[in-house]
Each structure stands twice: as C-alpha cells, then as structure tokens.
Amino acid sequence: MWEEKKGSLYRKFEFEDFKSAFEFMQKVAVVAEEQNHHPRWQNEYNKVEIWLSTHSAGGLITDKDKRLASEIDRIYGENT
C-alpha cells in the first residue's frame, strides 16, 4: 500500500527478479509520460521504490499523484 512519507506518496514493490522489476518500470514509464507526471524512483535488483509528489504544487501530494499511484497499482497487479 502507498504511504505518506516526507511529503510524498511512497511504495516499495518487490519482484521475482531484475527482469520483472525492469519490465514493471518500463510500463510505469509509459503511463507516467502519458500523464506528464514523472516519479522519483529507485531500482535495486528485484526491488523498485517510488515516491510521488507534484513539483508544480510545491512538492505536495495532489490528485495527480493519486491518479498515477492508482495506475501503478494496476500495472503491478498485472505483473504479479
């Protein structure tokens, strides 16, 4: 589940291996580009951490972040 952490929505995802984690990131990148809302993220082997906040709103959490988080959850559900 997403949690509010230091002014961002945060979630850590875990996958079977690096390839699965990277495929997830590729799918998220397509949606992020479509929404023109790009996450801060980190990948280490089979783990992906994502932080969402809206820079144009002063780094606050907005509906834009919640919409992207929902799409990320949908993508994750398809990959697990």
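Just so you know, all these numbers are worked out from the coordinates, no wet-lab data involved. Only a predicted model underlies this, so the values are computations on that prediction, with no experimental measurement involved. Virtual Cβ from ideal backbone geometry, glycine too; neighbours counted across all protein chains shown.
Length gained on full extension, Leu60 to Glu14: 14.0 nm, using 0.36 nm per residue less the C-alpha separation. Using θ = phi - 60° in the Karplus curve 6.51 cos²θ - 1.76 cosθ + 1.60, the 3J(HN,Hα) couplings for segment 15-21 round to 10, 5, 7, 4, 4, 5, 5 Hz; x is entered for Gly and Pro. If you take the alpha carbon atoms of the chain and fit the smallest convex hull around them, that volume is 76 Å³ per residue. Between 0 and 90 degrees, rounded to the nearest ten: what's the tilt of helix 63-79 against the longest Cα principal axis of the chain? For 63-79 against the chain, the angle is about 10 degrees.
For the chain, averaging the sequence separation of C-alpha pairs within contact (under 8 Å, six or more residues apart) and dividing by the residue count gives a relative contact order of 34 percent. By the helix-only formula, in which each DSSP H run with n ≥ 4 contributes -39500 (n - 2.57) and the sum is divided by residues, the chain has a 222 nm mean residue ellipticity of -14500 deg cm²/dmol. Spacing of the modelled spin labels on Arg74 and Lys5, each 7 Å from Cα toward Cβ, amounts to 2.5 nm.
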